[in-house]
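The values are calculated or read from the model by the stated rules, or taken from the named source; none is laboratory data. Just so we're clear, the structure is a prediction, and the values are computed from it rather than from any experiment. Because the Cβ atoms are built from the backbone with ideal geometry, glycine has one as well, and the counts that use them run over all protein chains shown. Accessible surface is based on the protein model in full, side chains and every heavy atom, while ligands, DNA and RNA are left aside. Shrake-Rupley method; radii C 1.70, N 1.55, O 1.52, S 1.80 Å.
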Amino acid sequence: MATKTVFVFVLLCLCYFQIVTGVSEREVTDMLLKDYQKEGRPVRDPTQAVETSLDVFLIQIVKLITQRQVLVINFWLVHRWKDDFLTWNPAEYGNISSIRIGSENIWRPRLVNYNREHEEGWSETPDTNAIVRSDGEVLWNYPITIHSTCVMDIARFPFDVQKCPLKIGSWTYDSSKLKIVNRSETGDTNQFIENAEWKLLSFDLEVNHVEYSCCPGVLWDDMTYTIVIQRRSTFFVLYTVMPCAILAFMAVCGFWLPPDSGERMFICINAFLSMIVLEQVANKHLPDTATTIPLINIFMGVSILLVFASSALTILTLSLLFKTFDLQPVPKWLRRIFCLGSPDPNIIRLAPKVSPKKVDANVLEVTELEDLDASFATDRAKATSQLVRRARKVLLQLKKEYEMMSRYEKIQKEWKIVAGKIDRCILIAFFIALVVISGAIFGPSG
Ligand SMILES: *[C@@H]1O[C@H](CO)[C@@H](O)[C@H](O)[C@H]1NC(C)=O
Ligand SMILES: *[C@@H]1O[C@H](CO)[C@@H](O)[C@H](O)[C@H]1NC(C)=O
C-alpha cells in the first residue's frame, strides 16, 4: 500500500513538473512561426525602417586572381536586427530566452555585395540558423567566400599595394526601409589568417548613403569595406629582379674581357635570352593591361636594351679590332680623345698616299743598278748580273712587304688600344647607367 502511495506521489510530481516546464523550444518556434509572414519587413509600423547592423570579420584572403582582377576572400558576416513579430515572454514559456530558427523561415535583410564577380546564382546566402531572442533581436551569421572585383594598380609591381573595396548593401530596400548601421569603426581582423603572398595593411569601413540616377531623392545605404593589401615582394625580388640585375651587370662586365677573346658576344646573347624568359615569368603574375607599365617591366626593358647596346658595341669594337681591309692609321680626333700621343713616324712615312713616290724611287734604284752592271759586258757576267738583279728585286720586294707588314701591325696595335679604351669607357658608362637606372626605378619604393 505504502509503495503504491509513493509511486502515485512520484507520478504526480512528474506530471506537475511536466506541466510547469512543459514548454519546449519546439513549442516556442511553433508559436512564433504559426502566422509568420517572412516576406514583409518585420516592423509593426510600416513607416519605420528596419535597423540592421552588419559586422564583417575578415578571415582569409584566399587569392587575388590577377588575370581577372578578382579578390577571393573568406568572411564571417554577422547581421543583427530586430523582428517585432518574433517576441515572447520568457516567463510564460519556461524561461526560454532564445531559440535557433532556420534563417530561411524568417525575414532576412539579404544584403548583397555590389561589386561581386560570380558566375552562378545571384544570392549565395546560406540557410544557417538565426538566433532569436525573446525581445525580438535576431542574430544571423554565416561564413562566406566572396569573389569581389578589385581593379589592380600594378604600376609599382612587385612593390604594389592594392586597395580592394567591398560594397555591401541591400539591393531593394532604400534607407527609409532598411537602415544599415555599423557597430564598430573598422572591420574585424582578429580571426585573420595571414596570406603568404599578401600582407594586410588595413580593413576600414565607411557607411555611405548614396543616391542613384534611377531614383532621385531616394538614398540607399551601403557599407563599403576597403581591404588594403601589400604584395610580399621578396619572391619577385629574389626570382626576377635580382637575376635580371645580375644578368645586366654580367653583360656590362663583359667589357672587362679583352675585346678579342670572343666570349663577350656569347655572354650578351645568353643574358638577352635569359632576360626574355624572366620577363615572361614575371608577366604571368600581371593582369593583361596596357594602361600602366609595371616597374619590373620597365627595369627589364631597360636591362634588355642595355644588353642589346652592349652586343652592338661589342660588334663595333670587334670590327675595329679585326680591321684588315683598308687599314688607315687611327684618325687624329680619335687619338686626341684617347690620348694616344703622336703617331709612330714610320706609319706616316709609309702611309699609302706617299707610296707611289716610293715606287718611283725603287724604279730609279733599279735603273742605277742596270747602269752599273753594264760595265761587265761578258755573257757570264751578264747572266750573273741578271741573277743579282733579280735577287735584288726580290729582296727589295720583301723589304717593302716587310715594312708594309710592320706598318700594318703597328696600326692594328693602335686600333687594338683604341678598342680597349672604348671598352673601358663603355664599361664605366654602362655601369653608371645601370646603377642610376636601378636606383631610379627601385629607389623611392625602398
Ligand atoms: C524562471 O525564472 C524565474 C526567475 O529567475 C524563477 O523564479 C522561475 O522559477 C523560473 N521558472 C522556471 C519554470 O524555471
Ligand atoms: C561607424 O562608422 C563611422 C565611419 O563611417 C564612424 O565614424 C563611426 O564611429 C562608426 N560607428 C561606430 C559605432 O563605431
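Numbers for the structure displayed
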{"quantity": "Count - residues of segment 173-188 that are more than 14 Å from Tyr225 (Cβ to Cβ) and either near ligand 2 (Cβ under 10 Å from one of its atoms) or open to solvent by less than 70 Å² (accessible area, probe 1.4 Å) (or both)", "calculated": "6"}
{"quantity": "Tally, over segment 67-86, of residues that are open to solvent by 20 Å² or more (accessible area, probe 1.4 Å), touching a Leu at 6+ places or on another chain (Cβ under 9 Å) and more than 30 Å from Met31 (Cα to Cα)", "calculated": "3"}
{"quantity": "Of residues in segment 162-172 being outside any loop (DSSP other than H, G, I, E, B) and open to solvent by 30 Å² or more (accessible area, probe 1.4 Å), the one nearest to ligand 1 (Cβ to nearest atom)", "calculated": "Lys167"}
{"quantity": "First in segment 382-397 and of a type in the set (A, V, I, L, M), second anywhere and open to solvent by less than 100 Å² (accessible area, probe 1.4 Å) and in a helix (DSSP H, G or I), Cβ under 9 Å, 6 or more apart", "calculated": "Val388/Leu369; Val388/Asp373; Leu396/Asn362; Leu396/Glu365; Leu396/Val366"}
{"quantity": "From Arg110, Arg156, residue being modelled with pLDDT under 95, of a type in the set (Lys, Arg) and over 19 Å from Val56 (Cβ atoms)", "calculated": "Arg156"}
{"quantity": "Residues satisfying the stated conditions in segment 37-53, i.e. farther than 30 Å from Glu185 by Cβ and open to solvent by less than 40 Å² (accessible area, probe 1.4 Å)", "calculated": "Gly40"}
{"quantity": "Considering residues of segment 77-105 that are touching a Phe, Trp or Tyr at 6+ places or on another chain (Cβ under 9 Å) and assigned to a loop (DSSP other than H, G, I, E, B) only, the residue farthest from ligand 2 (Cβ to nearest atom)", "calculated": "Ile96"}
{"quantity": "Those residues of segment 208-229 which are in contact with a Ser or Thr (Cβ under 7 Å, 6 or more places away or on another chain) and either part of a loop (DSSP other than H, G, I, E, B) or over 24 Å from Lys63 (Cβ atoms) (or both), in sequence order", "calculated": "Asn208, His209, Leu219, Trp220, Asp221"}
{"quantity": "Neighbours by Cβ (under 9 Å, 6+ apart or cross-chain): first from segment 137-161, under 23 Å from Tyr114 (Cβ atoms) and open to solvent by less than 20 Å² (accessible area, probe 1.4 Å); second basic (Lys, Arg) and modelled with pLDDT under 90", "calculated": "Ile146/Arg116; Ser148/Arg116"}
{"quantity": "Segment 183-207 - residue that is in contact (Cβ under 8 Å) with a residue 40 or more places away in the chain and part of a strand (DSSP E or B) and, of those, farthest from ligand 1 (Cβ to nearest atom)", "calculated": "Trp198"}
{"quantity": "Boolean, Phe203 is in contact with a strand residue (DSSP E or B) (Cβ under 7 Å, 6 or more places away or on another chain) and not β-branched (Val, Ile, Thr)", "calculated": "yes"}
{"quantity": "Selected residue (only one of Leu201, Leu247 is more than 15 Å from the chain's Cα centre (by Cα), buried (at least 18 other Cβ atoms within 10 Å of the Cβ) and farther than 30 Å from Thr47 by Cα)", "calculated": "Leu247"}
{"quantity": "Hey, Ser134 within 16 Å of ligand 1 (Cβ to nearest atom) and either farther than 30 Å from Phe442 by Cβ or small (Gly, Ala, Ser) (or both) or not", "calculated": "yes"}
{"quantity": "Among (1) surrounded by fewer than 18 Cβ atoms within 10 Å (Cβ to Cβ); (2) under 30 Å from Val161 (Cβ atoms) - the single one Cys215 does not satisfy", "calculated": "(2)"}
{"quantity": "Residue in segment 378-400 that is modelled with pLDDT under 85, outside any helix (DSSP H, G or I) and either open to solvent by 60 Å² or more (accessible area, probe 1.4 Å) or not β-branched (Val, Ile, Thr) (or both) present", "calculated": "yes"}
{"quantity": "Where a residue in segment 231-248 is more than 20 Å from Val161 (Cβ to Cβ) and its partner, wherever it lies, is of a type in the set (D, E, K, R) and part of a helix (DSSP H, G or I), with Cβ under 9 Å and at least six apart", "calculated": "Cys244/Glu279"}
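So that you can scan it fast, the table gives a plain yes or no per residue for (1) surrounded by fewer than 18 Cβ atoms within 10 Å (Cβ to Cβ); (2) modelled with pLDDT under 85; (3) in a helix (DSSP H, G or I):
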{"position": "Thr240", "(1), (2), (3)": "no, yes, yes"}
{"position": "Gly254", "(1), (2), (3)": "no, yes, yes"}
{"position": "Arg264", "(1), (2), (3)": "no, yes, yes"}
{"position": "Ala271", "(1), (2), (3)": "no, no, yes"}
{"position": "Val281", "(1), (2), (3)": "yes, yes, yes"}
